[in-house]
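J.: Dumping the structure here so I can ask a few things about it.
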Amino acid sequence: MAKKNSPKGGNRKSSFAADLPPSLHAERRGEIAILRLARPEKRNALDDVLILGMERFFTALPDDIKAVVLHGDGEHFSAGLDLSSLAEASVAEGVQHSRMWHQAFNTIEFGKVPVVAVLHGAVVGGGLELAAAAHIRVAETSTYYALPEGTRGIFLGGGGTVRLPRLIGTSRVMDMMLTGRTMSAEEGQAIGLSQYLVKPKTGLAKAIELAKQIATNAPMTNFAIMHVLPRIAESDPASGYMAEALMAAVAQGSDEAKSRLKDFLEKRGKKVLHK
Ligand code: 1HE
């Protein structure tokens, strides 16, 4: 079904693959889209072409895609910023460059559907900033995290100063940036960088399983979880309670909620227990 937000022309499969650069590969699995960073020869380093391609992909997702899985080719999720792209940049270009990343990663965090990232190998610098824009992170035990910006004489520029302290706290981000140390998958899991820790080569399957589960939720509820929950979490409690009440009423007033509640009450609905 070609909906208004689909890129023009083409069939479903090519509808989002068509205008992607070679460094990105997209595939559809029913209601799930799987986006792969496909630049393993450069350890999935993020250059402008790749960042802009991601922005186009997430902006133009077809309406019948309900969740996205993001993963990386080769031995690493991403080595972060393509360091060759900033070497000659002026201060003004540096600001523009960072704002471009912000815009692209906002289409992930505040896009149409939840994104599950699969992490393995290096998740460093801008790679960790990218991972932080996803809603769920599944880390394979090979994953290691680092923020080597200090070593390179640069700074976070892909939203990491905002997203990472919210995930793991300012003091941990300071430690990672000041020391440039690597953090293991286990440590990352313990402090909340990932929500799932899985064996090598099993991350994609786990992420697809999670994405399929997410896709069964009412779209309005997924929207509220992505767009409303984080804003409420950052607002003062009184405004938060009010926003929650309004969102709850909007969700429960939808036809979808009414039919799901009816299904449950008439013994047709799913029970909640699943791992
Ligand atoms: C790259 C990049 C890159 C690899 N930009 N080309 N990020 C970093 O500081 C991490 C830099 N990369 C590394 O430390 C290592 O590459 C890894 C530990 C990730 C992987 O090591 P390894 O041994 O598997 O690969 P390699 O041999 O180091 O790299 C293979 C190729 O990828 C090589 O190119 P080649 O042409 O010589 O084959 C590398 O130059 C290339 N490569 N990483 C460009 N990052 C918005 S602000 C965000 C700020 C940051 O992200 S700072 C962190 C940058």
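The values are calculated or read from the model by the stated rules, or taken from the named source; none is laboratory data. The model shown is predicted, which means the values in this text are computed figures rather than measured ones. FYI the Cβ positions are ideal-geometry reconstructions off the backbone, even for glycines, and counts take in every protein chain you see. For the accessible areas, the whole protein counts, side chains as well, though only heavy atoms, and no ligand, DNA or RNA atoms are used. Shrake-Rupley method; radii C 1.70, N 1.55, O 1.52, S 1.80 Å.
J.: Just name the residue that is farthest from the chain's Cα centre (by Cα) out of those in segment 35-80 that are open to solvent by 30 Å² or more (accessible area, probe 1.4 Å) and of a type in the set (A, V, I, L, M).
T.: Among residues in segment 35-80 that are open to solvent by 30 Å² or more (accessible area, probe 1.4 Å) and of a type in the set (A, V, I, L, M), the one farthest from the chain's Cα centre (by Cα) is V49.
J.: I225: open to solvent by 40 Å² or more (accessible area, probe 1.4 Å) and of a type outside the set (S, T, Y), yes or no?
T.: yes
J.: Looking at segment 254-271 only, could you name the residues that are loosely packed, with under 11 Cβ neighbours inside 10 Å, over 14 Å from N217 (Cβ atoms) and not aliphatic (A, V, I, L, M)?
T.: D255, E266, K267, R268, K271
J.: Another one. From the list R43, R39, which residue is modelled with pLDDT of 95 or more and on the phi > 0 side of the Ramachandran plot?
T.: R43
J.: While we're here: May I ask you to list the residues in segment 62-106 that are hydrophobic (A, V, I, L, M, F, W, C), near the ligand (Cβ under 9 Å from one of its atoms) and under 21 Å from H25 (Cβ atoms)?
T.: A79, L81, W101
J.: In segment 126-162, what count of residues is obtained for those that are assigned to a helix (DSSP H, G or I), of a type outside the set (A, V, I, L, M, F, W, C) and closer than 24 Å to K42 by Cβ?
T.: So the answer is 8.
J.: List every residue pair whose Cβ atoms sit under 6 Å apart, with the two residues 6 or more apart in sequence or on different chains, where the first one lies in segment 67-78 and is over 9 Å from A33 (Cβ atoms) and the second, anywhere, is open to solvent by 40 Å² or more (accessible area, probe 1.4 Å) and part of a strand (DSSP E or B).
T.: Correct list of pairs: H71/R36; D73/R36.
J.: Are there any pairs with C-beta distances below 9 angstrom linking a residue in segment 155-174 that is in contact (Cβ under 8 Å) with a residue 12 or more places away in the chain and closer than 14 Å to A133 by Cβ to a residue that is within 16 Å of the ligand (Cβ to nearest atom) and hydroxyl-bearing (S, T, Y), with the two at least 6 apart or on different chains, and if so which?
T.: L156/S98; G157/S98; G158/S98; G159/S98
J.: Ok, one more. Considering only segment 131-172, state which residues are β-branched (V, I, T), over 23 Å from D73 (Cβ atoms) and open to solvent by 40 Å² or more (accessible area, probe 1.4 Å).
T.: Within segment 131-172, T151, I154, T161, V162, T170 meet the criteria.
J.: For segment 107-121, what are the residues that are open to solvent by less than 10 Å² (accessible area, probe 1.4 Å) and either more than 14 Å from the ligand (Cβ to nearest atom) or part of a helix (DSSP H, G or I) (or both)? Please lay out each step first, then the result.
T.: Filtering segment 107-121 for residues open to solvent by less than 10 Å² (accessible area, probe 1.4 Å) gives 108, 115-119, 121.
Result: I108, V115, V116, A117, V118.
Quick grid of which residues meet (1) within 12 Å of the ligand (Cβ to nearest atom); (2) among the aromatic types (F, W, Y); (3) within 30 Å of A251 (Cβ to Cβ):
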residue	(1), (2), (3)
V123	yes, no, no
H135	no, no, yes
V138	no, no, yes
G150	yes, no, no
F155	yes, yes, no
P165	no, no, yes
G188	no, no, no
I191	no, no, no
L204	no, no, no
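J.: Any residue at all in segment 198-205 that is under 30 Å from G153 (Cβ atoms) and modelled with pLDDT of 95 or more?
T.: Taking every residue of segment 198-205 in turn, none turns out to be under 30 Å from G153 (Cβ atoms) and modelled with pLDDT of 95 or more.
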